[in-house]
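Please treat every number below as a calculation from the coordinates, not as lab data. In this text, all values refer to a predicted model and were calculated from it rather than measured experimentally. In this analysis, Cβ positions are derived from the backbone assuming ideal geometry, glycine residues included, and neighbour counts consider all displayed protein chains.
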Amino acid sequence: GHFPAICVCVFARVYMCVFNREIILENNLNTDVLEELAENSEFNESKGPCLAFRRAASVLKSLPSAVHCLGAIQGLPCLGEHTKAVMEEILIFGRSFKVEEVQSDERYQALKLFTSVFGVGPKTAEKWYRRGLRSLKEILAEPNIQLNRMQRAGFLYYRDISKAVSKAEAKALRSIIEETAHWIAPDSILALTGGFRRGKEYGHDVDFLLTMPEMGKEKGLLVRVIDRLRDQGILLYCEHQGSTVDMSKLPSRRFEAMDHFEKCFLILRLEEGQMEGDGGLQKDPGESRGWRAVRVDLVAPPVDHYAFALLGWTGSRQFERDLRRFARKERGMSLDNHALYDKTKKLFLPATSEEDIFAHLGLEYVEPWQRNA
Ligand code: TTP
Ligand code: MN
Ligand code: MN
Ligand code: MN
C-alpha cells in the first residue's frame, strides 16, 4: 500500500539535519532535476506525473544519505518508473538525457520564463507561446497584448522580485509591517510564515499572518494597514482580496492551496538602510538605487481559524500536500487552511495551536524547520 511520504520525511529530516550537509546537497541535485520534470508536466497539464515527480523529489530530500546506486532507492515509497529511469541515468552517466531534453525544449523554456513574471500563470504563458512569443522583450513590444494590473507590476519590478529575498530583508519587512499594524491596533499579532518560518535563508517573497486576539476585531485591520503603508510611500502594488469564509462548507480538496481569508498580495519598497546586519556589504554602488522591491503576502484570518491558517501558510506546499493526504487516507479526515473535519464522526475538530492539529491527526508535533518537504 501507500506508506505516507510524510512519515519518511519527518523521520528522516530530523536525522538529516543533525548529520551531514553534503548529503543534502547531493540529493538536492537529483531533486532539482525532478522539480524541473514536475514543472514541465505542469505546463503539459499532466497533473498526475507532476505530483508524482514532486512527491519523489520530496522523498529523496528526506533520505538520510545520498543515493549512490539504484538499490538504495529500490524499497522507497512514491518513486515511480520515470523517476527511477532518471535516477538511473544520473547514476550511470552523471546526467539525465530525459531532463536535458526537457531543459532544452523551446516551449518549456518559454513557459518557465513567462510564468516567472508575477501575475502570469500557465494559461497566459501558453497563450503567449502560441502567438509565437519567446522572450519578455517580445511580449512588451507586442501591441496587441493586454497586460492586467498585476502583470504590469510584475514586468515593472521584474528584476527586483526575481531576485531572492534574504532573511535580513524579511526581518526588516517584519519590523516595518509590525510597527504599522501596532500603530493602528496595539494588540494586533503579526506572524512570519512561509519559507522564512521554516528557517530558509532565502525566499521568493515574505509571508505573514495578521490577526487580533479577539474574534471579529480583525475586520478592517488589513485595509487600514495597507492604507498606512501607502501613506508611508512603501506600497508599490497591492492586490486585495476580501474574506469569503464560508464555514458551512467542508474542507475542500479542489482548492488545495486557496483559502477564503482576507489577504493581499503586495509589492513593497524596502530601503537598504532599513536592514540591520548588512552593514558594509554593499553591492556594486553603480547599480544600487538605495532600495529594492519585495513581494509580500499578508493574510488576515480570524483568530478562531488562526492555527489552521498558520499551519497552511507555513508550508512547504509539498508538506501541506502530504499532510492533507495523510489526514485523508490514514485518518479519514479532511484538512485545509480553515479547519480539520473528521468524516467518520462528522464533526469539526477545534484547534488553537498547530500542536492541537498534529495531536488530532495522531502525529508527533513537526517543527517548522522540519517541514521543508
Ligand atoms: P509561498 O510563499 O509560495 O512559498 P514558500 O514561502 O514556501 O517559499 P518561497 O516563497 O521562498 O518560494 O507559499 C507559502 C505557503 O502558503 C505554501 O505552503 C502554500 C501556502 N499558500 C496558501 O495556503 N494559499 C495561497 O493562496 C498561497 C499563494 C499560498
Ligand atoms: Mn513565501
Ligand atoms: Mn514560491
Ligand atoms: Mn507567498
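Which residue, L51, Y365, A185, has the largest displacement toward the positive end of the dipole of the chain when charges sit on each Cβ (Lys, Arg +1; Asp, Glu -1)?
Highest projection toward the positive end goes to L51.
Taking K345 as the anchor, which aspartates and glutamates have their alpha carbon closer than 14 Å to its alpha carbon, excluding any fewer than eight residues away along the same chain?
none
Starting from the eigenvalues of the Cα gyration tensor, five times each then square-rooted, give me the equivalent ellipsoid semi-axes of segment 49-172, largest first, whole Å.
On the way: eigenvalues 254, 82, 30 Å².
Over the Cα atoms of segment 49-172, the semi-axes work out to 36, 20, 12 Å.
How big, on average over all directions, is the shadow cast by the Cα convex hull of the chain, in nm²?
Reported value for the Cα convex hull: 20.9 nm².
Give, in nm to one decimal, the length gained when the segment between R289 and D187 is fully stretched (0.36 nm per residue of separation minus the Cα-Cα distance).
Taking 0.36 nm per residue and subtracting the Cα distance, the gain is 33.2 nm.
Starting from the Cα gyration tensor of segment 123-210, take the square roots of the eigenvalues, sort them a ≥ b ≥ c, and report rounded, prolate or oblate (rounded when a/c is under 1.5, otherwise prolate if a/b is larger than b/c, else oblate).
Note, shape of segment 123-210 comes out prolate.
Anything over 22 Å Cα to Cα? Flag those among K112/K137; K123/K167; K84/K127; K171/K200, in the order listed.
Check vs 22 Å cut-off fails for K123/K167; K84/K127.
Quick one: of the DSSP bridges fully inside the chain, what percent are antiparallel, nearest 5?
If we restrict to bridges inside the chain, about 90 percent are antiparallel.
Report the label-to-label distance for Q241 and Q103 in nanometres (one decimal), using points 7 Å from each Cα along the Cα→Cβ vector.
A separation of 3.4 nm, rounded to one decimal place.
For E81 and E272 in one chain, what is 0.36 nm times their gap in residues minus the Cα-Cα distance, to one decimal in nm?
Length difference between fully extended and current span is 63.9 nm.
Just to be sure I follow: if Rg is taken over the C-alpha atoms of segment 106-156 and Rh is the Kirkwood radius over the same atoms, what is Rg/Rh?
Result for segment 106-156 is an Rg/Rh of 0.91.
For segment 312-370, what value does the Rg/Rh ratio take when both radii are computed over Cα atoms and Rh is the Kirkwood radius, given to two decimals?
Result for segment 312-370 is an Rg/Rh of 0.93.
Per DSSP helix of 4 or more residues, -39500 (n - 2.57); summed, then divided by the residues of the chain. What does that give at 222 nm, rounded to the nearest 500?
Taking each H run of at least 4 residues, the total per residue is -14000 deg cm²/dmol.
Principal axes first, then extents: for the Cα atoms of segment 45-109, list largest minus smallest coordinate on each axis, whole Å, largest first.
For segment 45-109, the Cα extents along the three principal axes come out at 35, 27, 17 Å.
List the residue ranges in the chain for DSSP H helices whose C-alpha atoms run 27 angstrom or more along the long axis and whose Kyte-Doolittle average is 1.0 or above.
none
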